[in-house]
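To start, the structure itself, in structure tokens.
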Amino acid sequence: MQSLKSILSAAPQWTLLIASAVGITAASIRVFESEETKRKRSELKKQKELRYLTQRISVYARTVHQRYPTGDVIVSERDLAEEFRKRPDVVITALNLLLNEQKVQKAPLNGYWKLNV
């Protein structure tokens, strides 16, 4: 009975030890991975962030259109960059992706886009 109590009292220490080992293993994998693997992981992360930004732009277009239903939603690249706290070149890339999907159109004025709803 005494040994069972000692095992149960040591359980939090074992949990901490196992969690530390898992953390060290994860950090070691990242340190020793190849440059190609790092590049691929970085590229996938950028693509995922870009896809998320395109979704946010689409939601923004719907929200603005709901607020002002009688007109078109025209925005500048700079305003969108400020709205989403992203660099303008990232926003332009996202808008070009949406252009390929026909969710936006280039406005006649340079740097402005019409967001299709």
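Every number here is computed from the coordinates shown, using simple stated rules; none is lab data. No experiment lies behind these values; they were computed from the predicted model shown. Cβ: placed from backbone, ideal geometry, glycine included. Neighbour counts: every protein chain shown.
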Problem - Selection from L50, L115, N96 lying farthest towards where the dipole of the chain points positive, charges on Cβ - result: L50
Completion exercise
Expressed in angstrom and rounded, the centroid-to-centroid distance over alpha carbons for region 87-117 and region 29-61 is 20
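Multiply the residue separation of N100 and R56 by 0.36 nm, subtract the distance between their alpha-carbon atoms, and state the gained length in nm to one decimal.
Working: separation 44, 0.36 × 44 = 15.84 nm, distance 1.65 nm.
Working it through step by step, the gained length comes to 14.2 nm.
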Practice task
Give the Kirkwood hydrodynamic radius (Å, one decimal) of the chain, defined as one over the mean of 1/r across all pairs of different Cα atoms.
Solution key: 18.2
Problem - Order of T93, T70 - criterion: other Cβ atoms within 10 Å of each residue's Cβ, fewest first - result: T70, T93
Exercise for the section: Among I18, I74, I29, determine the one that fluctuates most according to a GNM of the chain built with springs between C-alpha atoms less than 10 Å apart. Expected result: I18
Exercise for the section: Name the residues whose placed amide hydrogens come within less than 5 Å of the amide hydrogen of V104, ignoring near sequence neighbours (fewer than 5 apart) on the same chain. Expected result: L99, N116
Exercise for the section: Evaluate the distance, in nm, between pseudo-label points positioned 7 Å from the Cα of A27 and of I74 along their respective Cα→Cβ axes. Expected result: 5.4
Fill in the blank from the handout: In debye to the nearest 20, the charge dipole size for the chain, taken about the Cα centre with +1 at each Lys and Arg Cβ and -1 at each Asp and Glu Cβ, equals 180
Problem - Helix axis angle, 35-67 relative to the chain longest principal axis, alpha carbon, degrees - result: 50
Practice task
Would you mind telling me which residue in Q13, Q55, Q47 has the biggest mean-square fluctuation in a Gaussian network model of the chain, where springs connect alpha carbons within a distance under 10 angstrom?
Solution key: Q13
